[in-house]
Amino acid sequence: MQKLKTLLPGIILATLIYFVADFASSFIGQDLLSYAKSPISVVLFAVLIGIFISNFIEIPRMFEDGINFSVRYVLRFGIILLGIRISLSDVLEYGSISIPLVVLCIATVIIAVRLLRKVLNVSTKMSYLIAIGTSICGASAIVAMAPVINAKKGEITYAIANITVFGILGMFLYPYVAHEAFSGNQSAIGLFLGTAIHETAQVAASGLIYEQQYSSSKVLEVATITKLVRNTFLLAMIPLFAYIYARERDVKDYSLRSVFPLFVLGFVFMVIVRTAGDHLVTENILLITESLWADIIQVVKVGSGVCLSIAMAALGLSTKANELRAMGLKPFAAGLIAAFIVGVVSFITIHLFTAFSLI
């Protein structure tokens with residue numbers, strides 16, 4: 001009970017910031033920009049508000065334990081809940097074309113960022129965060145990767161801001177660029193949006209922009225499924241990055257077991273729950289309706305988003321602006337180049353698929 005009392009103030013503060021961030025995201029994205037779903041992540045607002053408070057208001061020590069708890073444990077719980085978003089049956093059904101495209105984009109970005117790390121002298125941890133954020137699923141991948149490599153708070157914040165900026169630019173530009181580049185081929189456009197834009201919300205928003213401009217719902221569907229397939233690779237990439245990081249740091253007596261992030265097992269468990277639940281409900285084996293199962297999934301999705309946003313608010317509360325300034329513009333340049341590369345690789349690959357009548 002005493003331990004809980006020391007944790008509550010910091011957790012409550014981070015939670016209050018989440019509510020403010022959620023309101024800001026909805027107000028700007030839906031009320032001002034008139035989107036059905038805000039393209040600007042609640043996570044970004046939570047981090048920024050936390051940083052503002054941390055740098056302009058002196059936070060009493062009574063909040064420290066709860067803030068640290070949120071950054072460490074609430075974050076991991078949110079990552080575990082993320083698994084409910086992914087059903088392996090969806091991946092198998094729609095992934096025959098998107099999987100090779102996603103694999104090629106991921107591999108290219110990782111190689112490019114590793115080279116940029118040496119050329120631009122970007123820190124190893126920052127390069128890992130930018131690589132996984134650009135290649136997989138934006139902020140979610142960054143926050144999932146951060147505890148595996150013991151990334152600093154400033155590095156996490158910088159990487160999320162980096163990914164968000166270039167993702168938003170792609171969200172607004174790519175629907176129009178893709179329409180011209182692929183001559184209105186809706187499948188190709190959907191594949192491009194799903195691989196070249198970072199965040200799931202940004203992919204959905206770009207698909208909505210295309211639908212509103214060109215009266216096509218198919219692009220949004222293809223883009224969403226492609227992004228779903230891309231998100232699934234988080235399962236493999238986090239353990240792989242942990243293993244590579246341990247080797248590069250010359251950690252003695254390491255093994256895959258010692259570097260494997262255990263919360264990934266929780267993530268896998270939630271993927272299995274989603275997959276099994278979808279099957280059992282469809283076959284009328286579970287004594288619940290499809291609508292009730294959909295409601296359960298939605299509740300877990302919301303819970304995941306809340307946990308991650310609270311954790312990011314706590315991260316912002318423990319981040320100082322001088323930490324970000326000290327990193328300079330080189331990581332920003334690395335993120336820009338990585339975003340450009342993933343777009344170019346996606347563009348070329350999809351044109352090749354089209355040439356061979358695969359799309």
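The values are calculated or read from the model by the stated rules, or taken from the named source; none is laboratory data. Note that this is a predicted model, so its numbers are computed, not measured. Ideal geometry is used to build each Cβ from the backbone, glycine not excepted, and the neighbour counts take in all protein chains shown. Heads up: the accessible areas ignore ligands, DNA and RNA and are worked out on the full protein's heavy atoms, side chains in. Shrake-Rupley method; radii C 1.70, N 1.55, O 1.52, S 1.80 Å.
Being open to solvent by less than 80 Å² (accessible area, probe 1.4 Å) and either free of Cβ contacts under 8 Å to residues at least 12 places away in the same chain or hydrophobic (A, V, I, L, M, F, W, C) (or both) is a property that does not hold for residue 32.
Among the residues of segment 63-78, is any touching a Lys or Arg at 6+ places or on another chain (Cβ under 8 Å) and under 26 Å from residue 325 (Cα atoms)? Within segment 63-78 (the criterion being touching a Lys or Arg at 6+ places or on another chain (Cβ under 8 Å) and under 26 Å from residue 325 (Cα atoms)), the answer is yes, since at least one residue qualifies. Scanning segment 263-302 for residues that are under 16 Å from the mean Cα position of the chain (by Cα) and exposed (fewer than 15 other Cβ atoms within 10 Å of the Cβ) turns up 301, 302.
For segment 140-170, a residue qualifies if it is closer than 21 Å to residue 232 by Cα, assigned to a helix (DSSP H, G or I) and open to solvent by less than 10 Å² (accessible area, probe 1.4 Å), and the qualifying residues are 141, 142, 143, 144, 145, 159, 160, 163, 164, 167. The one condition from (1) under 13 Å from residue 309 (Cβ atoms); (2) part of a helix (DSSP H, G or I); (3) of a type in the set (S, T, N, Q) that residue 30 does not meet is (1). Checking every residue in segment 292-312 against the condition of being in contact (Cβ under 8 Å) with a residue 24 or more places away in the chain, in contact with a Ser or Thr (Cβ under 6 Å, 6 or more places away or on another chain) and of a type in the set (Lys, Arg) gives zero matches. The residues in segment 135-185 that are in contact with a Cys (Cβ under 9 Å, 6 or more places away or on another chain) and under 16 Å from residue 113 (Cβ atoms) can be counted, and the count is 1. Taking (1) touching a residue at least 24 places away in the same chain (Cβ under 8 Å); (2) under 25 Å from residue 268 (Cβ atoms) in turn, residue 216 satisfies each apart from (2). Only one entry of 189, 168 meets the criterion of being of a type outside the set (Ser, Thr, Tyr) and within 30 Å of residue 77 (Cα to Cα), and that entry is 168. In this structure, is residue 82 over 26 Å from residue 149 (Cβ atoms) and crowded, with 22+ Cβ neighbours inside 10 Å? No: the conditions fail for residue 82. For segment 14-27, the set of residues classified as crowded, with 22+ Cβ neighbours inside 10 Å and under 10 Å from residue 310 (Cβ atoms) consists of 14, 17, 18, 21, listed by residue number.
Restricting attention to segment 33-60, the residues being part of a loop (DSSP other than H, G, I, E, B) and either under 22 Å from residue 162 (Cα atoms) or under 25 Å from the mean Cα position of the chain (by Cα) (or both) number 9. In segment 36-58 there is at least one residue matching the filter, namely being without any contact (Cβ under 8 Å) to a residue 60 or more places away in the chain, crowded, with 18+ Cβ neighbours inside 10 Å and closer than 20 Å to residue 320 by Cβ.
Just one of (1) modelled with pLDDT under 85; (2) open to solvent by 10 Å² or more (accessible area, probe 1.4 Å); (3) within 17 Å of the chain's Cα centre (by Cα) fails for residue 99. It is (3).
Screening the candidates 326, 311, 334 for the property of being under 25 Å from residue 159 (Cα atoms) and exposed (fewer than 13 other Cβ atoms within 10 Å of the Cβ) yields one hit, 326.
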